[in-house]
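Asker: Quick one: this structure, given as structure tokens, is what I'll be asking you about.
The values are calculated or read from the model by the stated rules, or taken from the named source; none is laboratory data. Because the structure is a prediction, the values reported are computed rather than measured. Methodologically, a virtual Cβ is constructed for each residue, glycine included, from the backbone with ideal geometry; neighbour enumeration extends over all protein chains shown. Accessible surface areas use protein heavy atoms only, side chains included; no ligands, DNA or RNA. Shrake-Rupley method; radii C 1.70, N 1.55, O 1.52, S 1.80 Å.
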Amino acid sequence: MAEIIIKNRKRPAKLAGYEALAKRLPINHPKQEVIAERINSINAGFGGEKRLDHLMRHFNPHYQYLIIQDLSISTNVDFQIDTLLITQSCLILLEVKNISGLLRFTENPSALHQTKASGEEKSYQSPLVQVEVIKWKLESVLKSLNAVLPIHTPLVIAYPNQIVVEKPPGAVIWSADETMIRLHNFEMPPEKMSQEKMRILGQQLLSLSLEYNPFPLAAKHGISAGEIAKGVFCPTCKKAEMERCKRTWQCPGCKLKSTDAHHEAIREWCMLIKPSISAAECKDFLSLEHLSTARNILKSPLYKRVGNNKMRRYYREMQAGIHEK
């Protein structure tokens, strides 16, 4: 049957936020190392998930199914699922991990121990426990929807350079390369719902999904607004601050011209400093000469206006519907 993905994976919003934070802090700022680690970690997770998506592009099993990528549920319990496969018989929850080196999954206490090629060792919360907690939370949600279905929870290892040398008995760990074949050959339990009910369940789960909002990031890392560089940065040079000439921004380095580069700077303000901006804050952050210029910029349909006169603030439309945890 044809591929049915009812929600596609997007680049994590927090990745853009941390990239903006790194760009707007001095290169020798003491938090740059922590920020770089966060960027690398998010990139690794997203890269592993995208690799599984790519390997699953020819998935065409004998059974009916739906796929939800990157499902974040917010009800009385909050949780996130990398990939959820919905069938008429069961749900299959695919948790993807991208941690290179030799991997040992231990019990009592449960943990994941990594030995890198360099010999460095690190320990993490056990993904096997993590996925069981997600399963328990998903069962609670399904019960509230009157949809009691078995849930299977294979852990997926994203790359061949992740070598599992020890795991608990009964733990189900697949490589990303074999996942599609494993799912093709999966022995399905008896069907418990019709195709129509399966479709409705998929939409019900999507209706409970709200995008996770980690912003603003600066305060969470003990960084004050005064430490964040102001101005409109060149989208090509990244670090070069653009100059305003009439209604156009121009980069003094590469000479790039743009009429709307300010929108990315305001987006970065919302990710780093506050979820909204006033006209006065906009004038100051964009290094504009006139307050009227800031007001004209904020008239764009990209921004939602809240309040009147001096209390008026502007929210970027990206903030609408984002769940703040």
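Asker: So if we plug the beta-carbon distance of residue 114 and residue 259 into 1/(1 + (r/R0)^6) with R0 = 56 Å, what FRET efficiency do we get, rounded to 0.05?
Answerer: So, using R0 = 56 Å, E works out to roughly 0.70.
Asker: Taking Cα atoms, how many degrees apart are the long axis of helix 262-272 and the longest axis of the chain, rounded to 10 and kept between 0 and 90?
Answerer: Between helix and principal axis, roughly 60 degrees.
Asker: If the viscosity is 0.692 mPa s and the temperature 37 °C, what Stokes-Einstein diffusion coefficient in µm²/s follows for segment 201-273 when Rh is the Kirkwood radius over Cα pairs?
Answerer: 225 µm²/s
Asker: Let me know the volume per residue of the alpha-carbon convex hull for the chain, in Å³.
Answerer: 184 Å³
Asker: Normalised by the residues of segment 52-103, what does the relative contact order come to in percent, with Cα pairs under 8 Å and at least six apart?
Answerer: Worked out over segment 52-103, it gives 26 percent.
Asker: Run through segment 251-294 and list the GluC sites (Glu not before Pro) located in a DSSP loop whose Cβ has at most 11 other Cβ atoms within 10 Å.
Answerer: On the way: sites: 264, 268, 281, 289; in loops: 289.
For GluC sites (Glu not before Pro) across segment 251-294 that sit outside H, G, I, E and B with at most 11 neighbouring Cβ atoms in 10 Å, the list reads 289.
Asker: Here's a follow-up. With a cap of 12 neighbouring Cβ atoms within 10 Å, and only residues DSSP puts in a loop, list the trypsin sites (Lys or Arg not before Pro) found in segment 56-115.
Answerer: Passing sites in segment 56-115 are 57.
Asker: Separate question: Taking the Cα centroid of segment 225-270 and of segment 121-169, what is the distance between the two, rounded to the nearest whole Å?
Answerer: Each part reduced to its Cα centre gives a spacing of 43 Å.
Asker: Rounded, prolate or oblate: which fits segment 264-321 when a ≥ b ≥ c are the square roots of the eigenvalues of the alpha-carbon gyration tensor, with rounded for a/c under 1.5 and prolate only if a/b beats b/c? Intermediate results must be reported in sequence, preceding the final value.
Answerer: Values: a/c = 1.62, a/b = 1.21, b/c = 1.34.
Note, shape of segment 264-321 comes out oblate.
Asker: Helix 195-207 against the longest principal axis of the chain: what's the angle in degrees, Cα atoms only, rounded to the nearest 10?
Answerer: In the chain, helix 195-207 runs at an angle near 40 degrees to the longest axis.
Asker: Taking only Cα atoms, what is the 0 to 90° angle, nearest 10, from helix 127-144's long axis to the longest principal axis of the chain?
Answerer: Helix 127-144 and the main axis of the chain meet at about 90 degrees.
Asker: Past the 20 Å Cα-Cα mark, which pairs from 14/238; 97/135; 31/116; 257/304?
Answerer: Flagged as over cut-off: 31/116; 257/304.
Asker: If you don't mind, another one. Is the shape of segment 43-107 best called rounded, prolate or oblate, per the rule: a/c under 1.5 gives rounded, else a/b larger than b/c gives prolate, else oblate, with a ≥ b ≥ c the square roots of the Cα gyration tensor eigenvalues?
Answerer: Because a/c hits 1.5 or more and a/b fails to exceed b/c, segment 43-107 counts as oblate.
Asker: Under a Cβ-Cβ limit of 4.7 Å, which cysteines in the chain have nobody to pair with?
Answerer: 90, 245, 254, 270, 282
Asker: Next question. Is there a quick way to get the dipole size of segment 181-234? I mean about its Cα centre, with the Cβ of Lys and Arg at +1 and of Asp and Glu at -1; what is the value in debye to the nearest 20? Display every interim value, and only then the final one.
Answerer: Numbers: 6 positive and 5 negative charges, 10 e Å.
Computed about the Cα centre, the dipole is about 40 debye.
Asker: Can I ask one more? DSSP loop GluC sites (Glu not before Pro) in segment 164-228 with at most 12 other Cβ atoms within 10 Å of their Cβ, which ones? Mind dumping the intermediate values first?
Answerer: Details: sites: 166, 178, 187, 191, 196, 211, 227; in loops: 187, 191.
Sparse-neighbourhood loop GluC sites (Glu not before Pro): 187.
Asker: Using a 1.4 Å probe on the protein heavy atoms only, what accessible surface does residue 113 show? Give it in Å² to the nearest 10.
Answerer: 50 Å²
Asker: Another question, then. Quick check on the chain: of the DSSP beta bridges with both residues there, what percent are antiparallel, nearest 5%?
Answerer: The antiparallel proportion sits near 65 percent.
Asker: For segment 64-148, give the magnitude of the charge dipole about the Cα centre (Cβ charges: +1 Lys/Arg, -1 Asp/Glu; no others), in debye to the nearest 20.
Answerer: Here segment 64-148 has a charge dipole of around 60 debye.
Asker: From Cα pairs below 8 angstrom and at least 6 apart in sequence, can you work out the relative contact order of the chain, rounded to a whole percent? Please list the in-between numbers first.
Answerer: Working: 514 pairs, mean separation 52.9, N = 325.
Relative contact order comes out at 16 percent.
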